[in-house]
Amino acid sequence: MASQIRLHGRIDDQPDEGPGGLVSEVGKLQSASEEFVIGYDRQAYFRGFGARNSIDINLDDGSKCYAEFSYTPQPGNQVIINDVKCM
């Protein structure tokens with residue numbers, strides 16, 4: 001089951017155009033090779049979390065931001081991690 005993160009910080013400075021004018025960013029968990037997409041709602045779903053995680057995010061304007069967060073699995077439940085700060 002994929003877990004969910006909600007991002008805040010530098011990523012919130014990017015446009016929120018939504019469906020039809022969708023603006024999204026691409027991120028990568030540093031410990032994995034698979035990329036994930038961050039939607040206009042600033043949410044991302046992906047797998048492969050460890051206890052401590054670092055992600056790199058490529059923003060639409062060509063810049064990048066970085067975030068760290070902790071993760072504790074909850075077997076049988078989707079874990080939602082809010083307010084991940086992207087700097």
message = I'd like the full set of residues that are at pLDDT 90 or above, in contact with a strand residue (DSSP E or B) (Cβ under 6 Å, 6 or more places away or on another chain) and outside any strand (DSSP E or B), limited to region 18-70.
response = Gln30
message = Checking Ala51 against (1) among the aliphatic types (A, V, I, L, M); (2) loosely packed, with under 15 Cβ neighbours inside 10 Å; (3) under 10 Å from Gly27 (Cβ atoms), only one condition comes out false. Which one?
response = (3)
task = Please work out which one of (1) within 14 Å of the chain's Cα centre (by Cα); (2) modelled with pLDDT of 85 or more is the condition Pro73 fails and give its number.
result = (1)
query = Residues of region 64-86 being closer than 13 Å to Gly27 by Cα and either without any contact (Cβ under 8 Å) to a residue 24 or more places away in the chain or surrounded by fewer than 12 Cβ atoms within 10 Å (Cβ to Cβ) (or both), which ones?
reply = Lys64, Tyr66, Glu68
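The values are calculated or read from the model by the stated rules, or taken from the named source; none is laboratory data. Values in this document were obtained by computation on a predicted structure and should not be read as measured data. A quick note on method: Cβ atoms are made from the backbone with ideal geometry, for glycine too, and the neighbour counts reach across all protein chains shown.
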